[in-house]
Amino acid sequence: MRHPLKFVLSAALALAAACFHLQAQATPPKPFTTHSFAEIRARHAGVPLVVHIWATSCGPCLAELPKWGAFAKQRPGVALVLVRFDQAPAEASEARLARSGLEAVESWGVSGEADEYLRASVDRKWIGDVPRTMLIAPDGEVTSIRGTADLSSVERWLDEVKAGRPARGH
């Protein structure tokens with residue numbers, strides 16, 4: 001009688017471990033090219049859009065991702081797009097996003113070198129520093145945040161934009 005019980009318990013543990021592994025994967029990032037930022041903006045035109053640019057080689061970026069995961073859970077209707085701006089393997093990016101609670105968020109990733117043409121497709125004045133967050137109002141006005149974003153400021157910006165008030169510099 002004990003042997004069948006051990007088998008059932010072992011099988012249940014194996015199934016639970018397999019489910020946990022499947023849950024811990026994010027959707028593979030879409031390839032980010034010189035046309036991608038325009039595509040992202042067009043797809044989310046007319047709504048407040050938050051674009052967060054990060055890299056796996058950036059310590060502050062990695063520390064900030066779980067905060068973005070909490071933000072996404074608190075504000076599920078917000079258009080949040082993540083762009084990985086380094087050449088990390090897609091699997092590493094997916095795993096990092098999943099661990100940060102960002103597995104369901106729209107994600108893009110650079111597959112080649114992030115050269116000046118790619119940076120200029122996002123912002124002609126941008127030199128490529130990360131993390132960088134871009135707040136894009138429904139009218140297309142862009143507010144850029146260099147470095148780690150204060151998410152309470154992002155929330156205030158969203159509230160102001162949704163209320164129809166002009167968003168102050170953040």
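The values are calculated or read from the model by the stated rules, or taken from the named source; none is laboratory data. Nothing here was measured: the structure is a model prediction, and the numbers come from that model. Every residue, glycine as well, gets a Cβ built from its backbone with ideal geometry; the counts of neighbours run over all protein chains shown.
Here are the numbers for the structure shown:
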item	result
Selection from segment 59-78 of residues that are crowded, with 17+ Cβ neighbours inside 10 Å and either modelled with pLDDT under 95 or not in a helix (DSSP H, G or I) (or both)	78
Test: residue 46 is on the phi > 0 side of the Ramachandran plot, assigned to a loop (DSSP other than H, G, I, E, B) and either surrounded by fewer than 15 Cβ atoms within 10 Å (Cβ to Cβ) or at pLDDT 95 or above (or both)	yes
Residue within segment 149-163 that is in contact (Cβ under 8 Å) with a residue 60 or more places away in the chain, surrounded by 18 or more Cβ atoms within 10 Å (Cβ to Cβ) and outside any helix (DSSP H, G or I) present	yes
Filter result (touching a Ser or Thr at 6+ places or on another chain (Cβ under 6 Å) and either free of Cβ contacts under 8 Å to residues at least 24 places away in the same chain or charged (D, E, K, R) (or both)) within segment 50-96	64, 84, 86
